[in-house]
Amino acid sequence: MILVNNYILAILCCAICCVCWGSWANTQKMVAAKNWSFELFYWDLTIGLFLTALLGALTLGSFGCDGRSFFEDLALMDGISVFYAILGGIVWNFGNIFLTAAIAVAGMSVGFPIGGGLAWIGGIIFNYMLILIAGEVYEGNEFLLWFGVAIIVAAILICGQAYKKLSSQQSGTPKKGIMLAILAGVAIMFFYGLVVKSLDPGYVAGGTGTLTPYTGVFFFAVGILISTPVFNTFAMKHPVSGQKVTMKDYFSGNLRTHLVGVLGGFIWMGGMVISFMGAGAANPAIAYALSNAAPVVAMIWGVFVWKEFKNAPKGTNALITAMFVLFIAGLVCITFSN
């Protein structure tokens, strides 16, 4: 398989993952404009997620000279490692259903700052604790790591304040959307650490399993694939907004609409694959910290592409500028903490 062993390149992998995780929701926004509900979109998203993980395992995970290939790993895998990877996929999927619903109900302005922010903060702590629980010592400058985290937390809080000012001119922020986002964040914060536990510690610090990174990501995608029929069918029968939809509605969609959903899955899972490609060199705590700064990336899309702040009240631009400055400062601190 092909792994990144250089720290600078590993940080670049995390940055690419961050862009991917903050960009996939654009595809949901694209199809929502065509009255395509998030429940219908989610089927295509799942297909894209699984196919991308499989493609990564068959290519990057099967070629190169680093460790075992994907098929060699399948022959040596053990049940508990596979369980942790699949559980990580189920947990992420549970949270992401809520996040997607929150975006549908209240927009990216609520879904990402609240849901993504909670997942981001909790995930860093969870992955850091996994390293300690495994009996290992965090190799790096802890002060810089947590100082960087604190700075980016402040950036995300400012991001939320900017969106709050924007929504003050609208009908209000739905409480339902806020609750959905909170549930999403609480669930998503644990998925990365569960996948890490499935991995061989020779590849990733904090791992306690036997899988290589690409095999772990593949079984993570299997967890998503097998749980979507449960979670999304329930969501279709109990819609958070609009009317109930059926599989007949799904199959009535045109090819372009389906492909946009698949593209969303490709973008998110592509980031996941790239993140684990360099997680060994960056260590999971830093890899998760940098990769999951996605709410800020989503903010960039909203400001410069979707023009969500075009009619924002006075003072909002200053908040946006402060958020970007703090994000860059926090990113530098985390990068140099290892």
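Got at least one residue in segment 291-310 being farther than 19 Å from Ile114 by Cβ, in contact (Cβ under 8 Å) with a residue 40 or more places away in the chain, surrounded by fewer than 19 Cβ atoms within 10 Å (Cβ to Cβ) and not hydroxyl-bearing (Ser, Thr, Tyr)? Yes: segment 291-310 contains one or more residues that are farther than 19 Å from Ile114 by Cβ, in contact (Cβ under 8 Å) with a residue 40 or more places away in the chain, surrounded by fewer than 19 Cβ atoms within 10 Å (Cβ to Cβ) and not hydroxyl-bearing (Ser, Thr, Tyr). Here segment 325-338 is the region considered, the condition is being out of contact with any Phe, Trp or Tyr (no Cβ under 7 Å at 6 or more places or on another chain) and modelled with pLDDT of 85 or more, and the residue that is surrounded by the fewest Cβ atoms within 10 Å (Cβ to Cβ) is Val325. When residues in segment 115-163 are screened for being among the aliphatic types (A, V, I, L, M), closer than 24 Å to Tyr84 by Cα and either in a helix (DSSP H, G or I) or out of contact with any Pro (no Cβ under 9 Å at 6 or more places or on another chain) (or both), 11 of them pass. Working only within segment 63-90, note down all residues that are outside any loop (DSSP other than H, G, I, E, B) and farther than 22 Å from Ala187 by Cβ. Within segment 63-90, Phe70, Phe71, Glu72, Asp73, Leu74, Ala75, Leu76, Gly79 qualify.
Checked against the criterion of being modelled with pLDDT under 80 and within 30 Å of Asp200 (Cα to Cα), the candidates Trp146, Trp120, Trp92 yield just one match: Trp120. Quickly run through segment 202-217 and pick out the residues that are under 18 Å from Gly79 (Cβ atoms) and assigned to a loop (DSSP other than H, G, I, E, B). Once the filter is applied, which keeps residues that are under 18 Å from Gly79 (Cβ atoms) and assigned to a loop (DSSP other than H, G, I, E, B), segment 202-217 yields Gly207, Thr208, Gly209, Thr210, Thr212.
Scanning segment 70-91 for residues that are of a type in the set (Gly, Ala, Ser) and surrounded by fewer than 21 Cβ atoms within 10 Å (Cβ to Cβ) yields Ala75, Gly79.
This table checks each residue for (1) among the hydrophobic types (A, V, I, L, M, F, W, C); (2) more than 29 Å from Gly61 (Cβ to Cβ).
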| position | (1), (2) |
| --- | --- |
| Leu144 | yes, yes |
| Leu157 | yes, yes |
| Lys197 | no, no |
| Tyr214 | no, no |
| Ala221 | yes, no |
| Val230 | yes, no |
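Restricting attention to segment 311-324, the residues that are of a type in the set (A, V, I, L, M), assigned to a helix (DSSP H, G or I) and surrounded by 13 or more Cβ atoms within 10 Å (Cβ to Cβ) total 4.
In segment 5-17, the residue that is modelled with the highest pLDDT out of those that are within 28 Å of Ala101 (Cβ to Cβ) and buried (at least 22 other Cβ atoms within 10 Å of the Cβ) is Cys17.
Return the residues of segment 239-288 that are in contact with a Pro (Cβ under 8 Å, 6 or more places away or on another chain) and either modelled with pLDDT of 95 or more or of a type in the set (Val, Ile, Thr) (or both); say none if nothing qualifies. Hit for segment 239-288 is Val245, nothing else. In segment 223-241, the residue that is surrounded by the most Cβ atoms within 10 Å (Cβ to Cβ) out of those that are aliphatic (A, V, I, L, M) and farther than 21 Å from Asn35 by Cα is Ile224.
For segment 221-278, residues that are in a loop (DSSP other than H, G, I, E, B) and of a type in the set (Lys, Arg) total 1.
Of all residues in segment 218-243, those that are at positive phi and in contact (Cβ under 8 Å) with a residue 40 or more places away in the chain have Cβ atoms under 8 Å from Cβ atoms of residues that are surrounded by 20 or more Cβ atoms within 10 Å (Cβ to Cβ) and among the hydroxyl-bearing types (Ser, Thr, Tyr), 6 or more apart or on another chain, in Gly242/Ser37.
The values are calculated or read from the model by the stated rules, or taken from the named source; none is laboratory data. Quantities reported herein were computed from a predicted structural model and do not represent experimental measurements. Please note: Cβ atoms are built from the backbone with ideal geometry, for glycine as well, and neighbour counts cover all protein chains shown.
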